[in-house]
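These notes are about the structure you will find just below.
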């Protein structure tokens, strides 16, 4: 992926309505965002629809991006993740929760160790390592897969209340560690 | 360990769960409503997004289907439509040679009061009659993607007509409507999604039937035109 400053520069040109910059932005980051959408939505047709929505939001909202608040990629990944989470929520409203949860419990546990190995930020790795394993697994499952508390609970075979607590304590500990 | 007793569920923690994705349906919607108006929550969300952004490298890049890009550009109406634009451009060319056209552009760089580190790209265009009387003042904020029009000495069109404002791109491209102008009321709107400063060459005002062009392209005579400077001069 192009580096942070280049993406920010492209975004500021997109904010001026520069279509060439928008096309270059798509070339630079669409496969990264699509990968995230695919992982959370798990269906190509949904992920493709979501990717269109995400780039429309990027086109329309580029003027709202503020470089001093964070990296351009962070901003765009967030748009992608929230779109996917919204689509999941809409889809869940039509599904029988219990059937879905049984399905999840039957699947092999997600490869969270592999996911952890893919974390490149040394600060985040260090802080994730300091968490209890259960807390770390919950956080990563929730973020990477877009699972709800219920889905994490079904996947790990742990009570719902316990999972909620792990996630909150995990977030708290992570924040304290990263703020050091 | 199965209860939340003793654990304070602060707004910051709620923001963390929002970013993580574990804030459930109705809670998530409720949080989004609060988020719109709360700087504190917006800051907390931005903080968490940055903290957790290291997890984004977990997602393996996957090339999207090749037709996705054209679907996006179509949804943004980037595709151009030929016929009515040609007539309009002929009209523009005639007007440009007429002495009745006078317009001046002011380029203004404003430092926003609350964000002194940023320059807002604000551009002002004054629509003038040929005796230099200012008629409308148009201000574009390209960064915020908004524009405003202030009537100065504007006269209302007749009862069956309205003035409509257009952004002109490269020759042959369909003009983009910025909506109707008023002789009495200021207007503030978002820029149309497809308005592209880097491709914009001029703005124009046409006289349309009441309610504006029925076709989405200019149908009536062009009353005023002003060229815009090259985008990299901003």
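When residue A:153 is tested against (1) in contact (Cβ under 8 Å) with a residue 12 or more places away in the chain; (2) more than 7 Å from every other protein chain (Cβ to nearest Cβ); (3) in contact with a helix residue (DSSP H, G or I) (Cβ under 6 Å, 6 or more places away or on another chain), just one condition goes unmet, and that condition is (1). Output the residues belonging to the range A:10-29 that are farther than 20 Å from residue A:71 by Cα and in a helix (DSSP H, G or I). Within the range A:10-29, A:19, A:20 meet the criteria. In the condition set (1) under 21 Å from residue A:67 (Cβ atoms); (2) in contact with a helix residue (DSSP H, G or I) (Cβ under 8 Å, 6 or more places away or on another chain), residue A:40 is compliant with all but (1). Among the numbered conditions (1) closer than 18 Å to residue B:56 by Cα; (2) assigned to a helix (DSSP H, G or I), the only one that residue A:152 does not meet is (1).
Filtered by the rule that a residue be facing chain B (nearest Cβ under 8 Å) and more than 17 Å from residue A:31 (Cβ to Cβ), the range A:43-61 gives A:56, A:59, A:60.
In the range B:22-137, which helices (runs of 4 or more DSSP H) lie fully inside it and hold 2 or more residues that are at pLDDT 50 or above and at the interface with chain A (Cβ under 10 Å from one of its Cβ atoms)? Write out each step before concluding.
Numbers: elements: B:25-37, B:39-52, B:67-75, B:83-97.
Per the criteria, B:25-37, B:39-52, B:67-75.
Can you name every residue in the range B:179-193 that is crowded, with 19+ Cβ neighbours inside 10 Å and over 14 Å from residue B:140 (Cα atoms)? Reasoning before the result, please.
Step one: filter the range B:179-193 for residues crowded, with 19+ Cβ neighbours inside 10 Å, giving B:181, B:191.
Passing the criteria: only B:181.
Scanning the range A:1-20 for residues that are modelled with pLDDT under 85 and under 23 Å from the mean Cα position of the chain (by Cα) yields A:1, A:2, A:3, A:4, A:5.
Mind listing just one residue for me: the one in the range A:82-97 that is modelled with pLDDT under 90 and more than 10 Å from chain B (Cβ to nearest Cβ) and, of those, surrounded by the fewest Cβ atoms within 10 Å (Cβ to Cβ)?
First pass over the range A:82-97, keeping only residues modelled with pLDDT under 90: A:88-97.
Subset that is more than 10 Å from chain B (Cβ to nearest Cβ): A:91, A:94-97.
Details: A:91: 13, A:94: 6, A:95: 9, A:96: 9, A:97: 13.
Going through the qualifying residues, I end up with A:94.
Would you call residue A:131 more than 19 Å from the chain's Cα centre (by Cα) and either more than 7 Å from chain B (Cβ to nearest Cβ) or under 16 Å from residue B:50 (Cβ atoms) (or both)? Criteria met by residue A:131.
For residues in the range B:180-217 being part of a loop (DSSP other than H, G, I, E, B) and touching a helix residue (DSSP H, G or I) at 6+ places or on another chain (Cβ under 8 Å), which is nearest to the other protein chains (Cβ to nearest Cβ)?
So the residue we want is B:196.
With respect to the numbered conditions (1) without any contact (Cβ under 8 Å) to a residue 40 or more places away in the chain; (2) farther than 23 Å from residue A:59 by Cβ; (3) within 20 Å of the chain's Cα centre (by Cα), which one is the sole condition not fulfilled by residue B:156? So residue B:156 meets the others, but not (3). Do we have any residue at all in the range A:30-49 that's part of a helix (DSSP H, G or I) and at pLDDT below 90? So far as the range A:30-49 goes, no, none of its residues is part of a helix (DSSP H, G or I) and at pLDDT below 90. Just one residue in the set B:180, B:207, B:168 is within 25 Å of residue B:75 (Cα to Cα) and touching a residue at least 40 places away in the same chain (Cβ under 8 Å); that residue is B:168.
Hey, among the residues in the range A:140-149 that are part of a helix (DSSP H, G or I) and facing chain B (nearest Cβ under 8 Å), which one's surrounded by the fewest Cβ atoms within 10 Å (Cβ to Cβ)? Quick ask: steps written out before the conclusion?
Taking the range A:140-149 and keeping what is part of a helix (DSSP H, G or I), we get A:140-145, A:149.
Then keep just the ones that are facing chain B (nearest Cβ under 8 Å); that gives A:140, A:142-144, A:149.
Working: A:140: 25, A:142: 22, A:143: 21, A:144: 22, A:149: 19.
Filtering first and then ranking leaves A:149.
The values are calculated or read from the model by the stated rules, or taken from the named source; none is laboratory data. Quantities reported herein were computed from a predicted structural model and do not represent experimental measurements. Methodologically, a virtual Cβ is constructed for each residue, glycine included, from the backbone with ideal geometry; neighbour enumeration extends over all protein chains shown.
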